[in-house]
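The values are calculated or read from the model by the stated rules, or taken from the named source; none is laboratory data. Quick caveat: nothing in here was measured; it's all calculated off a predicted structure. FYI the Cβ positions are ideal-geometry reconstructions off the backbone, even for glycines, and counts take in every protein chain you see. Note: areas computed on protein heavy atoms with side chains; ligands, DNA, RNA excluded. Shrake-Rupley method; radii C 1.70, N 1.55, O 1.52, S 1.80 Å.
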Amino acid sequence: GVHCGNYITSHGLALNCCTDLTWFKHIVPCGLEGKGVTSLSRELGRHIAVDHVLEPFLDAFQEVFNCTLVFAEGPG
């Protein structure tokens, strides 16, 4: 969904590769009534692992948004 606060808006992004989509029956994705979600595996009719699409996805993201992604280690 979209979050607004302190004059800043933000939106989440999900890269559903081989996700169990049954959990999405319990929510309204992005607040859009009557809309659903899918996955790359469902759309392509074969198993798609995150490891296979993460690098091309991040490369495309940088190109489309004309930015450089910076990776940081998480806590712990």
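Once you have the Cα-Cα distance between ARG42 and LEU15, take 0.36 nm times their residue separation minus that, and quote the gain in nm to one decimal.
Numbers: separation 27, 0.36 × 27 = 9.72 nm, distance 1.27 nm.
Full extension of this stretch gives 8.4 nm more.
Tell me, what is the FRET efficiency for THR68 and ILE8 to the nearest 0.05, using R0 = 25 angstrom and their Cβ-Cβ distance as r?
On the way: r = 21 Å, r/R0 = 0.84.
Once the sixth-power term is evaluated, E becomes 0.75.
Bins of 5 Å, beginning at zero and ending with the bin holding the largest distance: percent of Cα pairs per bin for the chain, please.
3, 11, 15, 18, 21, 19, 10, 2, 0
Tell me the per residue accessible area of the chain using a 1.4 Å probe; a whole number in Å² is fine.
Using a 1.4 Å probe on heavy atoms only, each residue of the chain averages 89 Å².
Run lengths n ≥ 4 of DSSP H only: what is the helix-derived mean residue ellipticity at 222 nm for the chain, with -39500 (n - 2.57) per run over all residues, to the nearest 500?
Details: 2 runs with 21 residues, N = 76.
Using -39500 (n - 2.57) per qualifying helix, the result is -8000 deg cm²/dmol.
Nothing charged except the Cβ atoms of Lys and Arg (+1) and of Asp and Glu (-1): what's the magnitude of the dipole of the stretch 14-65 about its Cα centre? Round to the nearest 20 debye.
On the way: 4 positive and 7 negative charges, 65 e Å.
Charge dipole of the stretch 14-65: 320 debye, to the nearest 20.
Can you put CYS4, CYS67 in order of accessible area, largest first, using a 1.4 Å probe? Write down the numbers at each step before the final one.
Working: CYS4 90, CYS67 50 Å².
Ranked from most to least accessible, the order is CYS4, CYS67.
Ignoring any ligand, DNA or RNA, what whole percent of the accessible area of the chain comes from carbon and sulfur when the probe is 1.4 angstrom?
Values: 3900 of 6750 Å².
Percent of accessible area from carbon and sulfur atoms in the chain: 58.
Using a 1.4 angstrom probe with every protein chain in place, what is the largest-first accessible-area order of LEU32, LEU40? Walk me through the numbers before you get to the answer.
On the way: LEU32 100, LEU40 60 Å².
Descending accessible area places them as LEU32, LEU40.
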